Amino acid sequence: MGKIKKIGVLTSGGDAPGMNAAIRGVTRTAIYYGLEVVGIRHGYHGMINNHFVDLKAHSVSDILARGGTILKTARSKEFMEPEGRKQAYENLKAAGIDAVVVIGGDGSLTGARVFCDEYYDIPFVGIPGTIDNDIYGTDYTIGYDTALNTVVEAVDKIRDTAGSHNRLFFIEVMGRDAGFIALSSGIACGAEAIMIPEVHGQVSNLKNYLEKGFKRKKSSNIIIVAEGDESGGAFAIAESVKDDFSDYDVRVSVLGHIQRGGTPSARDRVTASKLGFAAVEALMDDQKSVMVGYHNNEIDQVPFRKVIKLKKAVNPEQINMVEILSI
Ligand code: ATP
């Protein structure tokens, strides 16, 4: 410790509820330890374009409970190119920023790793921030719990109307190419089936399952579909089954961006605060190119190399469980 005097913090990629709590955790921890803090607005785009703003302890007052990110977020094509990263490096150096905390998803952490492989003297530490929960090396990502609760609340409401009209509902949820939100919300809402990218060939199973449900005269069926599922999403699946189940009134609901918003859940606030704190401590312990994560209720440090290379797996047995529990 001792070398770092000024740290930068940014949010990058998709926004997620709880990112503000992480920014607050990083800022206040760094200030407590006598470091200066610079907020880098608009992610890597802001790093390339000098969108730097000094953060004091009071700059992060009253943000813990707010969704979104006060630093704004962005996706930056320029940062994917060596010239863009060179410009970012020169800007960090000119601003006297010695170390950076990146809060974002796997793309943002990949960018951090690429940068650190090129420029050794500015260490980066990552914090997993994405509603998708698809980052290897951490049980939870910031925003996932809030998004999940938003989905559960919406699906419960849809269930009320589905049951009243004998409807077969296909509900599409976010998650990019991962099925964590779909799987957990399916369990929490008693979905009749879920469709996720990690499992292939589910459409024929779904038809068999719906056939059985129809014979048992189920009054409603809720099918949760992950946006990245191979079937092409909720509208595509609904189209492919509706002729076979003409007695059901088939409906589709795409939950969309409500899943990203809202005040962060208690769990996300706690996780984000702890990870913000841990990220600064990691930098002060001379760590670099690591993500701080949450594993078995402990804070862990995982090298970017592993985070990027390895894929976090869903437990496919839980899909069978969803079907068993909905008989
Ligand atoms: P989410 O999971 O919520 O979408 P994310 O962090 O995965 O978030 P991405 O759009 O994949 O979002 O990545 C964010 C940014 O990280 C990109 O716009 C780009 O600037 C940077 N980035 C991603 N991959 C690389 C790479 N291979 N090299 C350099 N920079 C990268």
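In Å and whole numbers, how far do the C-alpha atoms of segment 229-270 stretch along each principal axis, longest first?
Reported extents, whole Å, longest axis first: 47, 23, 15.
What is the pair-distance distribution P(r) of the chain, computed from all Cα-Cα distances in 20 Å bins starting at 0, with each bin given as a whole percent?
Going from the shortest bin to the longest, the percentages are 33, 47, 19, 1.
How high is the FRET efficiency between Asp300 and Ile327 when r is their beta carbon distance and R₀ equals 30 Å, given to the nearest 0.05? Walk me through the intermediate numbers first.
Working: r = 39 Å, r/R0 = 1.28.
In this case the efficiency is close to 0.20.
Could you tell me the calculated FRET efficiency between Glu78 and Ser240, based on Cβ-Cβ distance and R0 = 30 angstrom, to the nearest 0.05?
Numbers: r = 41 Å, r/R0 = 1.37.
FRET efficiency, Glu78 to Ser240: 0.15.
Determine the dipole magnitude for the chain: charges of +1 sit on the beta-carbon of Lys and Arg, -1 on that of Asp and Glu, nothing else is charged, the reference point is the Cα centre, and the result goes in debye to the nearest 20. Before the final figure, lay out each step's value.
On the way: 37 positive and 41 negative charges, 111 e Å.
For this selection, approximately 540 debye.
Would you please give the residues with an amide H less than 5 Å from that of Gly126, counting only those at least 5 places away or on a separate chain, with H modeled from the backbone geometry?
Those qualifying (amide H under 5 Å, at least 5 residues apart or on another chain) are Val102, Val290, Met291, Val292.
Calculate what fraction, in whole %, of the accessible area of segment 73-183 sits on carbon and sulfur atoms when a 1.4 Å probe is rolled over the protein chains.
Working: 2010 of 4110 Å².
Ligands and nucleic acids excluded, carbon and sulfur reach 49 percent.
Return the lysines within reach of Lys242: Cα separation strictly under 27 angstrom, same-chain partners fewer than 8 residues apart disregarded; answer none if there are no such residues.
Lys157, Lys207, Lys212, Lys215, Lys217, Lys218
Given the options Ser289, Ser246, Ser265, which has the most mean-square fluctuation in a GNM of the chain, springs set between C-alpha atoms less than 10 angstrom apart?
Ser246
Report the gain in length on full extension from Asp177 to Asp54: 0.36 nm times residue separation, minus Cα-Cα distance, nm rounded to one decimal.
On the way: separation 123, 0.36 × 123 = 44.28 nm, distance 3.62 nm.
Roughly 40.7 nm would be gained on extension.
Which value in Å does the Kirkwood hydrodynamic radius of segment 137-182 take, with 1/r averaged over all unlike C-alpha pairs and then inverted?
One decimal place: 12.1 Å for the Kirkwood radius.
Please list, by residue number, every one of the trypsin sites (Lys or Arg not before Pro) in segment 49-108 that is coil in DSSP and has at most 11 other beta-carbon atoms within 10 Å.
Numbers: sites: Lys56, Arg66, Lys72, Arg75, Lys77, Arg85, Lys86, Lys93; in loops: Lys56, Arg66, Lys72, Arg75, Lys77.
Qualifying residues, ordered by number: Lys77.
Answer rounded, prolate or oblate for segment 86-173, using the Cα gyration tensor with square roots of eigenvalues a ≥ b ≥ c: rounded when a/c is under 1.5, else prolate when a/b is larger than b/c, else oblate. List each step's numbers first, then the result.
Details: a/c = 4.10, a/b = 3.95, b/c = 1.04.
Cα axes put segment 86-173 in the prolate bin.
Pick out the long, greasy-scoring helices in the chain: whole DSSP H runs spanning 30 Å or more along their own axis by Cα, mean Kyte-Doolittle at least -1.0. Mind dumping the intermediate values first?
Working: long enough: 144-165 (31 Å, -0.34).
Once both thresholds are applied, what remains is 144-165.
To make sure I understand the rule: partners must be aspartates and glutamates, Cα under 12 Å from the Cα of Lys306, and not fewer than 8 residues away in the same chain. Which ones qualify?
Lys306 reaches Asp106.
Under 23 Å Cα-Cα from Lys72, which lysines qualify once same-chain neighbours fewer than 8 residues away are excluded?
Straight-distance partners of Lys72: Lys6, Lys56, Lys86, Lys93, Lys274.
Of all DSSP beta bridges in the chain, what percent run antiparallel (nearest 5)?
Numbers: 10 of 44 bridges.
Of all bridge pairs located within the chain, approximately 25 percent are antiparallel.
By the gyration tensor of its Cα atoms, with a ≥ b ≥ c the square roots of the eigenvalues, what is the shape of segment 265-327: rounded for a/c under 1.5, prolate for a/b over b/c, or oblate?
Numbers: a/c = 4.42, a/b = 1.88, b/c = 2.35.
Because a/c hits 1.5 or more and a/b fails to exceed b/c, segment 265-327 counts as oblate.
Name the shape class, rounded, prolate or oblate, that the alpha-carbon gyration tensor gives for segment 145-260, where a ≥ b ≥ c are the square roots of its eigenvalues, rounded holds for a/c under 1.5, and otherwise prolate holds if a/b is larger than b/c and oblate otherwise. Don't skip to the answer; put the middle values down first.
Numbers: a/c = 1.82, a/b = 1.28, b/c = 1.42.
Oblate, since a/c reaches 1.5 and b/c is not below a/b.
Write down the radius of gyration of segment 178-327 and its Dmax, each obtained from C-alpha positions, in Å.
Using the Cα atoms of segment 178-327, the pair Rg, Dmax is 19.7, 64 Å.
With a cut-off of 8 Å between alpha carbons and a minimum separation of six or more residues, what is the relative contact order of the chain in percent? List each step's numbers first, then the result.
Values: 737 pairs, mean separation 77.5, N = 327.
Relative contact order here is 24 percent.
Excluding ligands and nucleic acids, what accessible area in Å² is computed for His45 using a 1.4 Å probe, to the nearest 10?
60 Å²
Helix-derived [θ] at 222 nm for the chain: sum -39500 (n - 2.57) over DSSP H runs of at least 4, divide by residue count, nearest 500?
Numbers: 11 runs with 134 residues, N = 327.
Dividing the helical sum by the residues of the chain leaves -13000 deg cm²/dmol.
Which longest run of the chain has no exposed loop site in it, a site being chymotrypsin sites (Phe, Trp or Tyr not before Pro) in a DSSP loop with at most 14 other beta carbons within 10 Å, and the site itself not part of the run? Please list the in-between numbers first.
Details: sites that count: Tyr33, Tyr120.
Answer - 121-327.
Could you pull out every residue, at least 5 positions away or on a different chain, whose amide H is within less than 5 Å of the one on Val254? Hs are placed 1.01 Å off N in the peptide plane, and Pro or chain starts have none.
Placed amide hydrogens put Glu172 under 5 Å from Val254.
What FRET efficiency comes out for Asp117 versus Asn208 if R0 is 41 angstrom and r is the Cβ-Cβ distance? Round to the nearest 0.05. All intermediate terms of the calculation are to be shown ahead of the outcome.
On the way: r = 49 Å, r/R0 = 1.20.
Approximately 0.25, to the nearest 0.05.
Would you mind checking which residues have amide H under 5 Å from Asp300's amide H? H placed 1.01 Å from N; only 5 or more apart, or other chain.
Gly293, Tyr294, His295
Roll a 1.4 Å probe over the protein chains and send me the accessible area per residue for segment 145-260 in Å². List each step's numbers first, then the result.
Numbers: 5030 Å² over 116 residues.
Heavy-atom accessible area per residue stands at 43 Å².
The values are calculated or read from the model by the stated rules, or taken from the named source; none is laboratory data. If you're wondering where the values come from, they're calculated on a predicted model, not measured in any experiment. Positions of Cβ are backbone-derived with ideal geometry, glycine not excepted, and every protein chain shown enters the neighbour counts. Quick note on the areas: whole protein, heavy atoms, side chains included, nothing else; ligands and nucleic acids left out. Shrake-Rupley method; radii C 1.70, N 1.55, O 1.52, S 1.80 Å.
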